[in-house]
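Step one of this worksheet: look at the structure below.
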Amino acid sequence: MISVEKAHKIINKTLTYPKIETIPIEKSLGRILAQDIVSGLNMPPFDKSAMDGFAISSKDNSEKFSIVEVIPAGAVPKKRINRGECAKIMTGAMLPDGTDRVVKREVTKEKNGVMFIKGEDKAFNVCLEGEDIQVGDRILAAGDKIRSAEVGIIASMGMNTVKVYKKPLVGILTTGSEIVEPGKKLATGQIYNSNSYSLSAQILELGAEVKYGGIVSDNQKLIGKSIEDFLSTVDMVLISGGVSMGDFDYVPQILEKLGVTLHFEKVAIKPGKPTVFGTCGKKFVFGLPGNPVSTFIIFEIFVKPLLYSLLGYTFAPFYLKGVMQQDMKRKKSIRLAFVPVMYNKGKISDISYHGSAHFNVLSQANALLEIPVGIDEILKGSEVDVRQI
């Protein structure tokens, strides 16, 4: 049995570079950039008007200005503006030569082709060329997540495609002769398959893709065939169940027969001690405990950081500081424990938690309290950090 820290180090050593693909920008939302975006133009690309008004020279103190041109957005000015002259200009339009200021329309009066300034407007109302971005500026970096704003920024550079890290495909397999798909009638001794669906949701939330392999009964040949098929088609295999010490827990020995190198089979973590991790070439395999809380937490602690790395994103869990509202005790302290808790405005509340099969506790929790090895109690009033989920 190895420590959680050592397990993380082992997983990190097996990392490979994520794959890259080029996609249209309209499909890039939520993806991770695999390239720096460097500007090939100044933004704005020219001095432009920040509002509707009249372009003049800021040094011109004339009482009236002859309107010599009307400049809509997108048009190139045709005339140079001299003293006593102005151009009627629209928001976003290019300033004509001889001007550096726009008097907003609200403080002017226009009559018979002449503009008079009737109110005070001290602002220049001009967006200068390159004041936002200049040629050669790095505006986005590889590893940045593309949100709606980033889509617009990339488009503003004139790009219609972008390089992103390819979504890893994760295969999910549930083992157990007692497992039944939701929607079917349960027989005595059977339970519904929740792990496949919670795992699928966790994977999709990160932005990866899922391939579901269904439920496989406790049969070595069937489990082996299902895993072998996955190893040829997916980037990562998640196997729920079959990894503990029971007579029908075949997964570790099946993986070894298939050529998977097992890096660890037990971790000093609660819940989730019988967690298996292996690699087969550039493929990753996790054998996860069958109890649903264990599966959920092991995904959060080990699978999630690895998947994010394959997506080209550096993951760091988000911790919140708070104060315990009750005493928390445990009988054994030889494993690092993660306990579902509720965090609310700096207060951390214990939730009635009956163990790793008590899945609905997660609907009441929004954080995990980490209890270190050797610590068997945390007293009310203690200040602790919790990991947001």
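Laboratory data are not the source of any read-out in this text; all were calculated from the coordinates shown. Note that the structure is predicted; figures quoted are calculated from it, not measured. No Cβ is skipped: glycine too gets one built from the backbone with ideal geometry, and neighbour counts run over all protein chains shown.
Observations on the structure shown:
- Spatially proximal aspartates and glutamates relative to Lys19 (Cα-Cα < 12 Å; intrachain offsets below 8 disregarded): Asp235
- For Gly130, the residues whose modelled amide H falls within less than 5 Å of its own, excluding neighbours fewer than 5 places apart on the same chain, are Met43, Phe46.
- DSSP bridge orientation in the stretch 48-127 - percent antiparallel, rounded to nearest 5: 75
- Here the stretch 125-164 is treated as a Stokes sphere of Kirkwood radius computed over C-alpha pairs; at 10 °C and 1.306 mPa s its diffusion coefficient rounds to 135 µm²/s.
- Inverse of mean 1/r across different Cα pairs in the stretch 48-127, Kirkwood, Å: 11.9
- Inter-part distance where the stretch 11-90 and the stretch 186-203 are each reduced to a Cα centre, Å: 53
- Per the Kirkwood formula applied to alpha carbons, the stretch 93-198 shows a radius of gyration over Rh ratio, Rg over Rh, of 1.43.
- In degrees, nearest ten, helix 195-206 long axis to first principal axis of the chain (Cα): 20
- For the peptides 320-327, 119-126, 98-105, the ranking by packing is 98-105, 320-327, 119-126, with the highest mean count of neighbouring Cβ atoms within 10 Å listed first.
- Among beta bridges that DSSP assigns inside the chain, antiparallel share in %, nearest 5: 65
- Residue pairs, from the table Lys321/Lys347; Lys59/Lys122; Lys166/Lys211; Lys9/Lys167; Lys167/Lys282, whose Cα atoms sit over 18 Å apart: Lys9/Lys167
- Estimated translational D of the stretch 319-388 in µm²/s (Stokes, Kirkwood radius over Cα pairs; 4 °C; 1.567 mPa s): 107
- Over the Cα atoms of the chain, the radius of gyration divided by the Kirkwood radius equals 1.22; this is the Rg/Rh ratio.
- Taking 0.36 nm per residue of sequence separation and removing the Cα-Cα distance, the Asp385/Asp144 pair yields an extension gain of 84.1 nm.
- Normalised contact order of the chain, rounded percent, pairs of Cα under 8 Å and 6 or more residues apart: 16
- Peptide packing for 251-264, 127-140 was compared via the average number of neighbouring C-beta atoms within 10 Å per residue; ordered from the highest value, the list is 251-264, 127-140.
- Computed on the stretch 48-127, with alpha-carbon pairs under 8 angstrom and 6+ residues apart, the relative contact order is 39 percent.
- If R0 is taken as 25 Å, the Cβ-Cβ distance between Lys111 and Lys79 corresponds to a FRET efficiency of 0.75.
- With 5 Å bins from 0: P(r) over the stretch 136-241, alpha-carbon pairs, percent: 2, 10, 17, 15, 13, 10, 8, 7, 7, 5, 3, 2, 0, 0
- Normalising the average separation of contacting C-alpha pairs (under 8 angstrom, six or more residues apart) by the number of residues puts the relative contact order of the stretch 181-244 at 22 percent.
- When shorter helices are ignored and each DSSP H run of at least 4 residues is given -39500 (n - 2.57), the per-residue value for the chain at 222 nm works out to -4500 deg cm²/dmol.
- Projected label points at Lys104 and Tyr17, each 7 Å from Cα along the beta carbon direction, are separated by 5.2 nanometres.
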